[in-house]
Amino acid sequence: MKMLHNVLEFFKNLPAKNCSECGQQMDEQHECYGNKCDKCMGISEL
Ligand SMILES: [Zn+2]
């Protein structure tokens with residue numbers, strides 16, 4: 001099962017998603033908002 005282990009390691013080592021505005025690290029669950037964090041998404045509406 002060495003291949004499976006390598007795949008898991010690959011996903012574990014994926015770089016964290018960061019906000020394109022402030023660079024803050026975002027959770028995967030915010031992916032639907034695009035590439036900005038909640039804070040910047042709110043500010044961008046002003
Ligand atoms: Zn942000």
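Structure values in brief
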read-out	value
Listed peptides 17-24, 35-42, 6-13 by packing density, highest first (mean Cβ within 10 Å)	35-42, 17-24, 6-13
Sequence-distant lysines (8 or more away, or on other chains) whose Cα lies within less than 28 Å of residue 36	12, 17
Amide H partners (placed H, <5 Å) of residue 18, local residues excluded	26
Inter-site label distance for residue 24 and residue 6 at 7 Å from Cα along Cβ, in nm	3.9
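Bear in mind that the values in this text are calculations on the coordinates, not laboratory data. All of these numbers come straight from a predicted model, not from anything done at the bench. Heads up, the Cβs are rebuilt from the backbone with ideal geometry, glycines too, and the neighbour counts pull from every protein chain shown.
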